[in-house]
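Asker: One structure coming up, written as structure tokens, with questions to follow.
What follows is calculated from the coordinates using simple rules that are stated; it is not laboratory data. Because the structure is a prediction, the values reported are computed rather than measured. Using ideal geometry, Cβ is built from the backbone for each residue, glycine included, and neighbour counts are taken over all protein chains shown.
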Amino acid sequence: MICPKCNYHDTRVLDSRETEGHKSVRRRRECEKCQNRFTTFERIETSNFIVVKKDGTRESYDREKVERGIWKACEKRKVTQDQVTKMINQMEEKWASMGKEISSRDVGEGIMDALRELDDVAYIRFASVYRQFKDIESFKKELQKLSKEE
């Protein structure tokens with residue numbers, strides 16, 4: 001592992017712990033040269049599938065892209081990194097069980113369902129971009145749907 005501070009190639013592991021319900025390993029490391037300490041995570045790769053977009057094009061699933069979209073929706077909300085990580089892990093398990101290819105619609109709807117349970121404001125923010133509300137009426141309908149569910 002390369003040190004993020006000095007780019008030296010030798011680091012040693014100080015501590016290892018299982019996290020996320022035994023689905024990943026957190027390691028504390030120390031650089032042999034500058035003694036900088038940092039944390040790494042090792043996770044089973046479950047995201048080995050292709051996303052089929054609306055226009056029929058295909059692209060590899062990108063966890064970081066999903067996470068960026070979720071964080072954009074959760075901006076200035078009381079949502080933790082652990083909540084988002086757990087949510088993405090659960091969605092990835094579900095998507096991976098659906099086969100080697102999954103539609104972008106399934107991905108978007110899955111994110112919206114998970115955000116609806118996590119935070120109403122984040123859900124509305126994500127839905128407004130994902131569903132591309134054209135006017136205030138379509139936005140109002142989505143808010144009314146959300147109010148009826150509660």
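Asker: Mind checking which lysines have their Cα closer than 17 Å to the Cα of Lys148? Skip sequence neighbours fewer than 8 apart in that chain.
Answerer: Partners found: Lys140.
Asker: Starting from the Cα of Lys53, draw a straight line to each of the aspartates and glutamates and keep only those under 15 Å, dropping any in the same chain fewer than 8 residues away.
Answerer: In chain and number order, the partners are Asp62, Glu101, Asp106, Glu109.
Asker: Of the listed values (i) 12, 36, 29, 15, 6, 2, 1, 0; (ii) 9, 25, 23, 15, 12, 8, 5, 1; (iii) 10, 30, 30, 19, 9, 3, 0, identify the label whose number matches P(r) over Cα pairs in 10 Å bins from 0, in percent calculated from this model.
Answerer: Only one option fits the structure, namely (iii).
Asker: When Arg58, Arg28, Arg125 are ordered from fewest to most other Cβ atoms inside 10 Å of their Cβ, what list results?
Answerer: Ascending number of Cβ neighbours within 10 Å: Arg58, Arg28, Arg125.
Asker: To continue, here is another question. With a cut-off of at most 11 other beta carbons within 10 Å, and DSSP calling the residue loop, which GluC sites (Glu not before Pro) in the range 1-30 qualify? Please list them.
Answerer: none
Asker: Can you give me the angle between helix 81-96 and the longest principal axis of the chain, using Cα atoms only, in degrees from 0 to 90, rounded to the nearest 10?
Answerer: 70
Asker: Here's a follow-up. Run the numbers on the range 1-44 and let me know its relative contact order in percent, using alpha-carbon pairs under 8 Å that are six or more apart.
Answerer: About 33 percent, as a whole number.
Asker: If R0 is 25 Å, what FRET efficiency do you get for Lys76 and Glu117 from their C-beta distance, rounded to 0.05?
Answerer: Calculated transfer efficiency: 0.85.
Asker: Quick one: which residues, 5 or more positions from Asn36 or on another chain, have an amide H under 5 Å from its amide H? H modelled 1.01 Å from N in the peptide plane, none for Pro or chain starts.
Answerer: Cys31
Asker: Using modelled backbone amide H atoms (1.01 Å from N, in-plane), which distant-in-sequence or interchain residues come within less than 5 Å of Ser24's amide H?
Answerer: Distant-sequence amide H within range of Ser24: Thr19.
Asker: Considering amide H positions built from the backbone, and no H for Pro or chain starts, which residues 5 or more places from Ser103, or on another chain, come under 5 Å of its amide H?
Answerer: So Ser103 has HN proximity to Val52.
Asker: Tell me the label-point distance for the pair Asn7, Lys33, using the 7 Å Cα-to-Cβ offset, in nm and rounded to one decimal.
Answerer: In this crude spin-label approximation the distance works out to 0.9 nm.
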